[in-house]
């Protein structure tokens, strides 16, 4: 939270008056959990604001979170994305800024939904508990009244007393039946509300982990799966292969044929990736035109074989526009393949695959480079 306060002292923009301290602190201080000391936070905040001004990025809390993480180097994936956009001279439009925030901080939406759902379910269960307790109390009172009147009837058993007790029992029975019916309706209503909340939560979780364009997993889901598979590989001493893939010259496709055709190319490549693996494997769109594949229990040779199959499957197709038949030119992919080494850090494993992908592009694209070839090149 100190970082956020330091930011507002340094910022040339009066963001507090525009958004309110509660909004900013809840979006940044609580959810993003910045832990930099005051000196570093001040420097990062100042650098972030200067860059935002330079590239005409509006000083919203979401945009500031993105650029603060960029200058602090907190997220390598985010740094790479912004570096590429800057190098290409891309404009940071409102749509672009929102897409970047959603990609790297979209988990906040899910976290907020989980918290809100939990609070709502807690209120529902509290209401149900109150109803149950109230009905239980009235049932106990009814039993006491019934027992007391039965004793009274046995001691003074006149016909008038019998009629009075019978009427009293009938009235009390009707009341308790009404209470139980009310409880049943409230329980059914609460059950439906909880079911709706669970469905909503499931939908949000699925949406937050799925790439909206291709239908495969997104980067957030990939990060979770990568850690899970690494833990399994470490504990059970099992093989784990990682493939990183990138569509070659994808920007040219967008520039020449438009973003709609670019979207179709992304879907086509995603389908080729999914078709090349089995049910145990995991495919994700890592970002932009980049994809990642996790292959549990597969050797480096298996990984290279699958990568070559993907490269051939994508490269042999000649895509064209459906309406006009106009060819869009060859679509190819470059791929890097690495095998997890026992007890190595996650970052080193991922970097080795990324270095292989980089070498594949440097060697002319439309190629597969494995870590053994990377070692030979380095030597």
Output for region 27-72, where each listed residue is in a loop (DSSP other than H, G, I, E, B) and at pLDDT 80 or above: 55, 56, 57, 58, 59, 60
Verdict on residue 271 being surrounded by fewer than 20 Cβ atoms within 10 Å (Cβ to Cβ) and within 16 Å of residue 215 (Cβ to Cβ): yes
Answer yes if at least one residue in region 244-260 is crowded, with 18+ Cβ neighbours inside 10 Å, more than 25 Å from residue 104 (Cα to Cα), assigned by TED's automatic domain parsing to the domain that holds residue 370 and modelled with pLDDT of 95 or more, and no otherwise. no
Checking 329, 287 in turn, the sole residue that is out of contact with any helix residue (DSSP H, G or I) (no Cβ under 7 Å at 6 or more places or on another chain) and either at pLDDT below 95 or closer than 26 Å to residue 103 by Cβ (or both) turns out to be 329
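Results for (1) at negative phi; (2) modelled with pLDDT of 80 or more; (3) assigned by TED's automatic domain parsing to the domain that holds residue 286; (4) in a helix (DSSP H, G or I), shown as yes or no for each residue.
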position: 163; (1), (2), (3), (4): yes, no, no, yes
position: 172; (1), (2), (3), (4): yes, no, no, yes
position: 175; (1), (2), (3), (4): yes, no, no, yes
position: 188; (1), (2), (3), (4): yes, no, no, yes
position: 192; (1), (2), (3), (4): yes, no, no, yes
position: 200; (1), (2), (3), (4): yes, no, no, yes
position: 213; (1), (2), (3), (4): yes, yes, no, no
position: 228; (1), (2), (3), (4): yes, yes, yes, yes
position: 233; (1), (2), (3), (4): yes, yes, yes, yes
Among (1) free of Cβ contacts under 8 Å to residues at least 24 places away in the same chain; (2) outside any helix (DSSP H, G or I), the one test that residue 243 misses: (1)
Starting from residues that are surrounded by 14 or more Cβ atoms within 10 Å (Cβ to Cβ) and within 15 Å of residue 239 (Cβ to Cβ), keep the ones in region 333-351 and report whichever is modelled with the lowest pLDDT. 349
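The values are calculated or read from the model by the stated rules, or taken from the named source; none is laboratory data. Computed from a prediction, not measured in an experiment: that's the story for all the values here. Glycine gets a Cβ as well: all are built from the backbone with ideal geometry, and neighbour counts include every protein chain shown.
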